[in-house]
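Q: I have a structure here, written as structure tokens, and I will follow up with some questions on it.
A short reminder: the numbers here are calculations on the coordinates, not readings from a lab. Keep in mind it's a predicted model, so treat the numbers as computed, not measured. Neighbour counts are summed over all protein chains in view; Cβ atoms, including those assigned to glycine, are modelled from backbone coordinates with ideal geometry.
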Amino acid sequence: MSTHGAARRGAAGPADGEMLELAAFCGLPSCRREYRRVLGAGQRQIYCSDTCRRTAQREVRRLRTRLSHFVEVVEQTRIDLAAHGKGDDPNEIAIIDTHQRAKEGLARAAGVLRFVGESEDPLAEELRVLYEAVEPFVTQS
Ligand SMILES: [Zn+2]
């Protein structure tokens, strides 16, 4: 019996010329492929490939555009409500904010669901179940 292996595992860094790797899952929801993340090589790797990294960047840009659109809709709705003299009731504003946040959250979930497609990833499936359960309350009220 030797303690040599344990001592090596406890070492601060990899030996010369040896890259320390860990199993990781791609940060792109539609991929989630397992890959070997190389540790200590500059910026932390989040995606399994450059293709996934670029796809994720495009998706984030698209979602940011979408979000700013909804923020504009909220602002315009507040202005319209104020024009009816209804914009200054704090209770009403709280209800509108809650409902608007629910709508925005639902819109974001819908975007993610389109993005993951028919993925059988358990996380995607749970999000789909939650979306379908909540959607009628948010769109009907
Ligand atoms: Zn990937």
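Q: Can you figure out the FRET efficiency of Arg37 with Val74, using R₀ = 41 Å and their beta-carbon distance, to the nearest 0.05?
A: Rounded to the nearest 0.05, the efficiency is 0.60.
Q: Sort Ile46, Ile79 so that the residue with the fewest other Cβ atoms within 10 Å of its own Cβ comes first and the one with the most comes last.
A: Fewest to most other Cβ atoms nearby, the residues stand as Ile79, Ile46.
Q: For Leu28, enumerate residues with amide H under 5 Å from its amide H, sequence gap 5+ or separate chain, H modeled in the peptide plane.
A: Close amide H contacts, sequence-distant or interchain: Cys48.
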